[in-house]
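What follows is a single structure, written as structure tokens, with notes after it.
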Amino acid sequence: MSTFKLEIVTPERKVYDHDVNMIVVEGVEGQLGILPNHIPLLTPLKISPVRIKVAGSDDELVALGGGFMEVRKDKVVILAETAELPKDIDLDRAREAKRRAESRLLHLDEYDAVRAELALKRAINRIKVASRKH
């Protein structure tokens, strides 16, 4: 089965660097499945999990905090604002962040509500990815 190199990079570090068979991401225009030899593409990504498929193993998830994906002939690079592997996510801390964001949404003006909604999306995404490891 054919593979391609996937790199997920944040401003702080390289989070993921492996050969994979397929990835599924949430672009701003909808869900995208990327297979080997995909046409070149550059697209913004939403706060969402990246699903990584590697032959012979369970799907892997990475919690992505938004960013951009560049698809090249033999490589996909995701430049992420934040990205966390399930083992790096503190589930209790993510649940607390979700609770705080939900509480803020009830008592904020429009500008702060947008920030709280983004915090809530990030927390829910982290919980979804981290819960998969348990």
Charge tally for neighbours of Lys75 with beta carbon under 12 Å away, counting Lys, Arg as +1 and Asp, Glu as -1, is -2
In whole percent, the Cα-Cα distances of the chain spread across 10 Å bins from 0 upward as 13, 41, 32, 12, 3, 0
Residue separation between Asp74 and His38 times 0.36 nm, minus their alpha-carbon distance, gives in nm 12.1 nm
Once normalised by the length of the chain, the mean sequence separation of its alpha carbon contacts under 8 Å that are 6 or more apart gives a contact order in percent of 22 percent
Summing -39500 (n - 2.57) over every DSSP H run of at least 4 residues in the chain and dividing by its residue count gives a helix-only mean residue ellipticity at 222 nm, to the nearest 500 deg cm²/dmol, of -9500 deg cm²/dmol
Simple SL model, points at 7 angstrom along Cα→Cβ for Ser2 and Val28; separation in nm is 3.0 nm
Taking the chain, the lysine pairs whose C-alpha atoms sit under 17 Å apart (8 or more places apart or on different chains) add up to 14
Diffing segment 61-69: the Karplus 3J(HN,Hα) column from phi (6.51, -1.76, 1.60, θ = phi - 60°), in whole Hz with x for Gly and Pro, holds 10, 10, 7, 9, x, x, x, 9, 10
Between the modelled labels at Leu85 and Arg100 (7 Å from Cα along Cα→Cβ) the distance in nm is 2.6 nm
On the formula 1/(1 + (r/R0)^6), with r taken between the Cβ atoms of Asp112 and Lys53 and R0 of 30 Å, the FRET efficiency rounded to 0.05 is 0.20
Within segment 28-77, DSSP-loop GluC sites (Glu not before Pro) with at most 16 other C-beta atoms within 10 Å are Glu29
Gyration tensor on Cα atoms of segment 55-134, a ≥ b ≥ c root eigenvalues, a/c under 1.5 rounded, else prolate if a/b beats b/c, else oblate, says oblate
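Read-outs throughout are calculated quantities, based only on the coordinates presented, and are distinct from any laboratory measurement. These numbers were taken from a predicted model, which means no experiment stands behind them. A quick note on method: Cβ atoms are made from the backbone with ideal geometry, for glycine too, and the neighbour counts reach across all protein chains shown.
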